[in-house]
Amino acid sequence: MLTDGIRLLLFPALMAFAASSDLLTMTISNKLSLALMASFFVLTLIIGMSWPAFGMHLAAAALVLVISFGFFSQGWIGGGDAKLVAATALWFGFDHLLDYLVYASLFGGVLTIALIQFRKLPLPGPIARQPWILRLHENGSGIPYGIALAAAALAVYPKTAWMPAFGV
């Protein structure tokens, strides 16, 4: 029963924290990615995930980490985004990885277009005093893609075997 509660709440809570952190600070802490990885490892022990399944989850994360760091080295994404997408791939494995990446691309596109439009608008007085809003409003400040990554993860997570109703 406790394990079901953890599976139901832990991953979504960490993803919500990633999104809010990226929105407010334009950073995703290494501690968050480490927490995602550590909680995955602990839960796999608790639920008794098979070694082959565990290996496939690790392979998915490794593949995504290599590709995402290639993107990071080109300046296309931030380092926190690269680590977050890899830690999320660890949870989803290859079974749900494509769904996750498609959602992340779609949500990221919508987020990017929305921020481009937002940056064209003048900020009203009270809003213009908020440092995080000013940072979002700056043309050269980048896109807090962790929001899209977290939204995609939350869209896919209910379809995974991690949800208590489905069992693993």
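The values are calculated or read from the model by the stated rules, or taken from the named source; none is laboratory data. Source: prediction; values computed, not measured. Backbone-built Cβ (ideal geometry, glycine too); neighbour counts: all protein chains shown. Each accessible area value is taken on the protein alone, full model and side chains, heavy atoms only, with ligands, DNA and RNA left out. Shrake-Rupley method; radii C 1.70, N 1.55, O 1.52, S 1.80 Å.
Any residue at all in segment 33-43 that is at pLDDT below 95, under 30 Å from Gly5 (Cβ atoms) and not in a loop (DSSP other than H, G, I, E, B)? Show your work before the answer.
Taking segment 33-43 and keeping what is at pLDDT below 95, we get 42-43.
Checking the rest, the ones that are also under 30 Å from Gly5 (Cβ atoms) come to 42-43.
Going one step further and asking which of them are not in a loop (DSSP other than H, G, I, E, B), we end up with 42-43.
For segment 33-43, residues at pLDDT below 95, under 30 Å from Gly5 (Cβ atoms) and not in a loop (DSSP other than H, G, I, E, B): present.
For segment 16-36, name all the residues that are open to solvent by less than 50 Å² (accessible area, probe 1.4 Å) and β-branched (Val, Ile, Thr).
Scanning segment 16-36 gives a single hit, Ile28.
Those residues that are touching a residue at least 12 places away in the same chain (Cβ under 8 Å), of a type in the set (Gly, Ala, Ser) and in a helix (DSSP H, G or I), I need them from segment 66-80; list them, please. First the steps, then the outcome.
To start, the set of residues in segment 66-80 that are touching a residue at least 12 places away in the same chain (Cβ under 8 Å) comprises 68-69, 77-78, 80.
This time we only want the ones that are of a type in the set (Gly, Ala, Ser), so: 68, 78, 80.
If the condition is that a residue be touching a residue at least 12 places away in the same chain (Cβ under 8 Å), of a type in the set (Gly, Ala, Ser) and in a helix (DSSP H, G or I), then Ser68, Gly80 are the ones that fit.
What helices (runs of 4 or more DSSP H) lie completely within segment 94-168 and have 1 or more residues being of a type in the set (Gly, Ala, Ser)?
Details: elements: 125-128, 131-137, 146-156.
The qualifying helices (runs of 4 or more DSSP H) are 125-128, 146-156.
When you go through (1) surrounded by 13 or more Cβ atoms within 10 Å (Cβ to Cβ); (2) assigned to a loop (DSSP other than H, G, I, E, B) one by one for Trp91, which number turns out not to apply?
Result: Trp91 passes all but (2).
Across segment 1-15, what is the total count of residues that are open to solvent by 50 Å² or more (accessible area, probe 1.4 Å) and either of a type in the set (Gly, Ala, Ser) or under 11 Å from the mean Cα position of the chain (by Cα) (or both)?
Start the filter on segment 1-15 by keeping residues that are open to solvent by 50 Å² or more (accessible area, probe 1.4 Å), which leaves 1-2, 4, 6, 8-10, 13.
Imposing the further condition that a residue be either of a type in the set (Gly, Ala, Ser) or under 11 Å from the mean Cα position of the chain (by Cα) (or both) reduces the set to 13.
Total satisfying the criteria: 1.
Checking Arg119 against (1) touching a His at 6+ places or on another chain (Cβ under 9 Å); (2) open to solvent by 70 Å² or more (accessible area, probe 1.4 Å): exactly one of these is not met. Which one?
(2)
Pairs, please: C-beta under 8 Å, at least 6 apart or cross-chain, first residue in contact (Cβ under 8 Å) with a residue 12 or more places away in the chain and in segment 99-111, second polar (S, T, N, Q)?
Tyr100/Thr88
With the condition kept exactly as written, say whether any residue in segment 119-130 is of a type outside the set (S, T, N, Q) and within 26 Å of Leu34 (Cβ to Cβ).
First, the residues of segment 119-130 that are of a type outside the set (S, T, N, Q): 119-129.
Next, from what is left, pick out any that are within 26 Å of Leu34 (Cβ to Cβ): none.
Within segment 119-130, not a single residue is of a type outside the set (S, T, N, Q) and within 26 Å of Leu34 (Cβ to Cβ).
Condition first: crowded, with 16+ Cβ neighbours inside 10 Å and either not aliphatic (A, V, I, L, M) or not in a helix (DSSP H, G or I) (or both). Now tell me which residues in segment 55-65 satisfy that.
His57
Which ones in segment 44-53 are open to solvent by 50 Å² or more (accessible area, probe 1.4 Å) and either modelled with pLDDT of 95 or more or among the aromatic types (Phe, Trp, Tyr) (or both)? Lay out the reasoning, then the answer.
So in segment 44-53, the residues open to solvent by 50 Å² or more (accessible area, probe 1.4 Å) come out as 45-46, 48, 50-52.
Answer for segment 44-53, where residues must be open to solvent by 50 Å² or more (accessible area, probe 1.4 Å) and either modelled with pLDDT of 95 or more or among the aromatic types (Phe, Trp, Tyr) (or both): Ser50, Trp51, Pro52.
Can you pull out the residues in segment 58-98 that are within 13 Å of the chain's Cα centre (by Cα) and either over 21 Å from Ala19 (Cβ atoms) or basic (Lys, Arg) (or both)?
Lys83
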